[in-house]
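Q: Got a structure for you, questions after.
Read the figures in this text as sums done on the coordinates, not as results from a lab. Keep in mind it's a predicted model, so treat the numbers as computed, not measured. No Cβ is skipped: glycine too gets one built from the backbone with ideal geometry, and neighbour counts run over all protein chains shown.
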């Protein structure tokens, strides 16, 4: 979405040999949005346009962060906003495609490889430990909201909120609210994000960039 000509041509050339499973189509803000399964966007471009402290709008579709900045803060910020996944622009073609197909199938994938040599063995994408809803609830806890306030903002029942909190605590291995807040702060969860969205389950995925 709204990418530079250099990135667009480079991405097309890189993925052309794999056109049987993936197609890249451009999307400009001043034009109609093409039909696609995923939308790639550059996180830093959004931050420049809205300001680092601005409250981000909720994503209307399955958005995947596709950027050069792969720092933990950058990744956590986009995941808390409701991104369906985070993939690095440093990734080679096959690894990028594998990640995008996993995300299109409904899995939450974070592959923030920065182009540096990794440990021995085949590099693998890390899975973000929380669902979008768990991420949203945890970020609200980090913002100091009580369970009832979270329920009101998310239109969930208080029991559902407690269930998401228990699930999040188990996944990040904490046992108290203070520990959860510390984990959230360390991982950059300072804003709320999108709720869970079921992903399409098609063989050939169209991706707009």
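Q: What is the gain in length, in nm to one decimal, between residue 2 and residue 105 on full extension, counting 0.36 nm per residue of separation less the C-alpha to C-alpha distance? Please report the intermediate quantities before stating the final value.
A: Working: separation 103, 0.36 × 103 = 37.08 nm, distance 2.43 nm.
Stretched out fully, the residue 2 to residue 105 stretch lengthens by 34.7 nm.
Q: Do you know the relative contact order of the range 132-186, to the nearest whole percent, from alpha carbon pairs under 8 angstrom that are 6+ apart? If you can, show how the numbers build up before the last one.
A: Values: 41 pairs, mean separation 24.1, N = 55.
That works out to 44 percent.
Q: Per-residue counts of other Cβ atoms within 10 Å, averaged by peptide: what ranking do you get for 130-137, 62-69, 109-116, highest first? Don't skip to the end; give the middle numbers.
A: Details: 130-137: 24.0, 62-69: 22.0, 109-116: 17.0.
Highest to lowest by the protection proxy: 130-137, 62-69, 109-116.
Q: Ranked highest first by average number of other Cβ atoms within 10 Å, how do 86-99, 164-177 line up?
A: Details: 86-99: 19.4, 164-177: 14.8.
Those peptides, ordered most packed to least, come out 86-99, 164-177.
Q: Mind checking the alpha-carbon convex hull of the range 132-186 and giving the volume per residue in Å³? Don't skip to the end; give the middle numbers.
A: Details: hull volume 3.7 nm³, N = 55.
Roughly 67 Å³ of hull volume per residue.
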